[in-house]
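Only one structure is covered here, and it is reproduced in the block below.
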Amino acid sequence: MLGSKLSIISTMQARYEGILTEVDTVEKTMLLKNVKNCGTEGRRGGGNNEIQASEQEIGEVKFKLEHIKDFKIIEKPNPILVDDAIVSMSLEAKPKEEEKKASEKL
């Protein structure tokens with residue numbers, strides 16, 4: 001489940017989407033990165049009770065498990081990224097010019 005993109009509904013009826021990076025069973029928390037706040041989307045009856053969505057992405061959010069009403073996996077992780085041996089990686093290819101310069105230095 002780590003690395004999956006989740007959709008979470010909080011007990012305040014707000015929905016969040018982000019990548020699951022940690023579940024702490026001692027603190028009873030769930031950590032998501034690259035989080036989008038989708039607001040309450042009408043789940044609180046409309047009007048002034050609604051929590052508005054935000055366009056700004058939040059780097060990390062730690063949620064208390066007891067305040068999560070529901071969640072679902074909306075995208076499974078890339079199998080390459082699931083290996084515990086990987087510490088860091090980039091999915092961006094090097095531009096051809098950089099590759100040429102690197103090979104010339106050898």
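Derivation of every value follows stated rules applied to the coordinates shown; laboratory data play no part. As the structure is a prediction and not an experimental result, all values here were calculated from the model. Neighbour counts run over all protein chains shown; Cβ positions are idealised from the backbone, glycine included.
Points to keep in mind about this one:
Residue by residue, here is whether (1) more than 9 Å from the chain's Cα centre (by Cα); (2) more than 18 Å from E75 (Cβ to Cβ); (3) buried (at least 17 other Cβ atoms within 10 Å of the Cβ) holds:
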residue: G3; (1), (2), (3): no, no, no
residue: I8; (1), (2), (3): yes, no, yes
residue: L20; (1), (2), (3): no, no, yes
residue: T25; (1), (2), (3): yes, yes, no
residue: L32; (1), (2), (3): no, no, yes
residue: R44; (1), (2), (3): yes, yes, no
residue: N49; (1), (2), (3): yes, yes, no
residue: A53; (1), (2), (3): yes, yes, no
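- Checking each residue of region 50-57 against the condition of being of a type in the set (G, A, S) and free of Cβ contacts under 8 Å to residues at least 40 places away in the same chain gives at least one match.
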